[in-house]
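As structure tokens, the structure follows; a few thoughts come after it.
The values are calculated or read from the model by the stated rules, or taken from the named source; none is laboratory data. The structure displayed is predicted, hence computed values, not measured ones. Quick reminder, even Gly has a Cβ in these numbers, built from the backbone with ideal geometry, and neighbours come from all protein chains shown.
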Amino acid sequence: MRSNHRGSSCPLPAIRCPETNRQRSARPVNRSRYDGRMGKPRSGKRSVLHELLDGKGAHASPLACVEDLSTELAGSTVSGFPHSVWQILAHLNYWMEYELNRIDGQPMPYPARAADSWPKESKPPSQTAWDREVRRFSRTLQALARLANSDSEVRRRPVEMTTPAHAEVSNSVEAVLWQIVAHNSYHAGQIVVLRRILNAWPPRGGGDTW
């Protein structure tokens, strides 16, 4: 990942959601690998990275921002904004899984265009598809949290580059995790704004209203 935009409005690229377009989708992540092979977790205390992945302190929980939305609200669009919450969530899921695969030594080809990251359709095809995407988000956040709490040897390990742009930034496991946190925060803010405009804030899981 790098700080250049992977889309018209975000710092990372993206890929079409598997629910709306099977043409491109992230390779499923074998999350069990992150339980044992990624090194011993640090005792007890959660890392700052873990806290930020959960939305502690800096902003509302990213998962809480989406898990209580209906299909209708998830697919709603507003004037002047290019994406729905459904599209943003699919985009987030793609890039988290992309980077987990890269960390695990099984990188996917870097997308040719930023537009390949986003679902074409603004609405999820069904409530089932939306619920599946939310569960995917939760599972992937958990896998990232386990990595964030790994020991320093794991976090310092280099990650394979998949695009020339990666040569311009740090590519340790920890650096990639910070990029993911920044990307998630960027889009979580967009989701909060969309929900406010749609009169759907705060979420059931809680969120600041001041």
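Given (1) touching a residue at least 40 places away in the same chain (Cβ under 8 Å); (2) not in a helix (DSSP H, G or I), where does TRP201 come up short, assuming only one miss?
(1) is the only condition that TRP201 fails.
Within region 98-132, how many residues turn out to be crowded, with 23+ Cβ neighbours inside 10 Å and either under 15 Å from VAL66 (Cβ atoms) or among the charged types (D, E, K, R) (or both)?
Number satisfying all stated conditions: 4.
So, ALA129, is that one in a helix (DSSP H, G or I), over 14 Å from the mean Cα position of the chain (by Cα) and either within 25 Å of PRO62 (Cα to Cα) or without any contact (Cβ under 8 Å) to a residue 12 or more places away in the chain (or both) or not?
Yes: the conditions hold for ALA129.
Can you name the residue in region 74-103 that is in a helix (DSSP H, G or I) and closer than 15 Å to ARG196 by Cα and is also farthest from the chain's Cα centre (by Cα) among such residues?
Step by step, filter region 74-103, then rank; the result is ALA74.
Being touching a residue at least 12 places away in the same chain (Cβ under 8 Å) and within 23 Å of PRO111 (Cα to Cα) is the filter here, so list the residues in region 144-166 that pass it.
LEU144, PRO158, VAL159, GLU160, THR162, THR163, ALA165, HIS166
Look through region 41-73, keep the residues that are at pLDDT below 95 and outside any loop (DSSP other than H, G, I, E, B), and return whichever of them is nearest to ALA145 (Cα to Cα).
Only one residue fits best here, namely HIS50.
Can you confirm whether ALA90 is among the hydrophobic types (A, V, I, L, M, F, W, C) and in contact with a Cys (Cβ under 7 Å, 6 or more places away or on another chain)?
It is true that ALA90 is among the hydrophobic types (A, V, I, L, M, F, W, C) and in contact with a Cys (Cβ under 7 Å, 6 or more places away or on another chain).
Between PRO158, PRO203, which is at pLDDT 90 or above and out of contact with any Gly (no Cβ under 8 Å at 6 or more places or on another chain)?
Checking each option against the conditions leaves just PRO203.
Testing ALA188 on (1) surrounded by 15 or more Cβ atoms within 10 Å (Cβ to Cβ); (2) farther than 22 Å from SER47 by Cα; (3) modelled with pLDDT of 90 or more; (4) not hydroxyl-bearing (Ser, Thr, Tyr), one condition comes back false. Which one is that?
(2)
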